[in-house]
Amino acid sequence: MNVYLDNAATTSVAPEVIQAMVPVLTEMFGNPSSSHAVGRRSRVIIEQSRRSVAAHMHCHPSSIYFTSGGTEADNLALRSAVRDLGCTRIITSEAEHSAVIKTAKSLERSAGVQLDLVRHESDGQVDLVHLGELLALPGKAIVSLMHANNEVAIVQDLDRIGKICREAGALFHSDTVQTMCHYAFDLSTLPVDFITCSAHKFHGPKGIGFLYIRQGLQLGGQIEGGSQERAVRGGTESTHNIVGLTRAMRLAYDDLDAHVLHVRSLKKRMVDGLNAHFPDVRFNGNSDQPDRLYTVLNVSFPPHPKSGMALFLLDLEGVACSGGSACSSGATLGSHVLRALNYHDSDRASLRFSFGRYNTEEEVDYALEAIKRVFAPVK
Ligand code: PLP
């Protein structure tokens, strides 16, 4: 049996999404910038998609800028805030995805931006008192803090953080890649300036996402070229991918309640199975708790001689999971997030299991048996 429990790294493309994309690839191939009928048809499809995405987000369609995914959207937000919106400071956290933390560090080096890293409480929540202190320092800031951490499932209160930023006159960007289409968003009330999306995290295609930019913020272009995406992001639009993202989003939000129930129950089954078998198991970031990101469980296994090989051995058993984020798994340094939040323990293997729409109870049971074999007592 093969069991895929790495849905936070990426998901399979839903059959309905493939079905929606095929006619765009085969028949509606026009360049959306062409003035003839074939091109105009593509333009219509893109603008219909933008309206559909905006309706799900409760924002104006002109706030949605399609990008190649989450990494580009994160880069676009931070780089534009510095280049076009007068930000001289970035406040973020060591526990952010590398798309944010590396961009912030690069802007510190290349643009002389002052970079401050906010502390976390012992439960992983952002230390809001420290955030307030950092915001009181001089210079216009952009705060970049993710909604849910992709490794340890800690969910931040975007409403609270956004209000603190607004009061201090700072911009607020949140990497919502792991929560988009897993939680509802109402951008008519949520105090954010930028949020990001990546379709391959919710059964859409890879290579497509978007940046939401609050209306009124005027960005220059980051990718120079044509005037696509209102000249913010040049390059011929990926019409089939935009259609795929939009279909995947509709699928997700049409069925959100059932999806949450299903995935939560799978995660609970895994937690119960692990607790029953391993008395000293721990869950990094308390990722077993109900208020954490329900798709992600980060397990710290008791010390075992095979700890260092656990990911590999589970792979041999047909179970795909991760040792950190997809970008860092396999790296000898381990996860930068576990280290930043003080969960790193070199004696214990930390594995991330992430659940999705197509996983079943049988798969979780199979994974539990495989885990027991890998971590079986050594005689
Ligand atoms: N941000 C987070 C929290 C992620 O988990 C990921 C993907 O791993 C990204 C950003 C990057 O998204 P993409 O793969 O679309 O570039």
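Within region 311-361, the only residue that satisfies the criterion of being under 20 Å from VAL374 (Cα atoms), of a type in the set (Lys, Arg) and either at pLDDT 95 or above or within 16 Å of the ligand (Cβ to nearest atom) (or both) is ARG352.
Across region 35-57, what is the total count of residues that are polar (S, T, N, Q) and within 16 Å of TYR212 (Cβ to Cβ)?
2
When the residues of region 163-200 are filtered to those that are under 21 Å from HIS97 (Cβ atoms) and in contact with an Asp or Glu (Cβ under 7 Å, 6 or more places away or on another chain), the one that is nearest to the ligand (Cβ to nearest atom) is ASP175. Per the listing SER300, SER287, the residue uniquely in the same structural domain as SER354 (by TED's automatic domain parsing), small (Gly, Ala, Ser) and within 16 Å of the ligand (Cβ to nearest atom) is SER287. In region 145-160, the qualifying residues are those that are within 11 Å of the ligand (Cβ to nearest atom) and polar (S, T, N, Q), and the one that is surrounded by the fewest Cβ atoms within 10 Å (Cβ to Cβ) is ASN150.
Matching residues to (1) over 24 Å from ILE64 (Cβ atoms); (2) away from the ligand (no atom under 16 Å from the Cβ); (3) without any contact (Cβ under 8 Å) to a residue 12 or more places away in the chain; (4) in a loop (DSSP other than H, G, I, E, B):
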position	(1), (2), (3), (4)
ARG79	no, no, no, no
VAL82	no, yes, no, no
CYS87	no, yes, no, yes
ILE91	yes, yes, no, no
GLU96	no, no, no, yes
VAL100	no, no, no, no
THR103	no, no, no, no
GLU108	yes, yes, no, no
LEU115	yes, yes, no, no
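The set of residues in region 177-190 that are touching a strand residue (DSSP E or B) at 6+ places or on another chain (Cβ under 7 Å) and either farther than 20 Å from PRO290 by Cβ or outside the structural domain of TYR65 (by TED's automatic domain parsing) (or both) comprises VAL177, MET180, LEU187.
For region 23-60, name all the residues that are more than 21 Å from ARG230 (Cβ to Cβ) and either part of a loop (DSSP other than H, G, I, E, B) or free of Cβ contacts under 8 Å to residues at least 60 places away in the same chain (or both).
The initial filter retains those residues of region 23-60 that are more than 21 Å from ARG230 (Cβ to Cβ), namely 23-29, 36-38.
Residues satisfying the conditions are PRO23, THR26, GLU27, MET28, PHE29, HIS36, ALA37, VAL38.
Taken residue by residue, region 222-243 has at least one member that is farther than 26 Å from LEU78 by Cα and either out of contact with any helix residue (DSSP H, G or I) (no Cβ under 8 Å at 6 or more places or on another chain) or among the hydrophobic types (A, V, I, L, M, F, W, C) (or both). From the list GLY244, GLY225, GLY235, GLY220, the lone residue that is touching a residue at least 60 places away in the same chain (Cβ under 8 Å) and open to solvent by 20 Å² or more (accessible area, probe 1.4 Å) is GLY220. The residues of region 11-63 include none that are under 30 Å from ALA320 (Cβ atoms), among the charged types (D, E, K, R) and open to solvent by less than 40 Å² (accessible area, probe 1.4 Å).
The values are calculated or read from the model by the stated rules, or taken from the named source; none is laboratory data. Owing to the predicted nature of the structure, the values given are computational and were not obtained by experimental measurement. Quick reminder, even Gly has a Cβ in these numbers, built from the backbone with ideal geometry, and neighbours come from all protein chains shown. Surface areas here come from the heavy atoms of the whole protein model, side chains and all, with no ligands, DNA or RNA. Shrake-Rupley method; radii C 1.70, N 1.55, O 1.52, S 1.80 Å.
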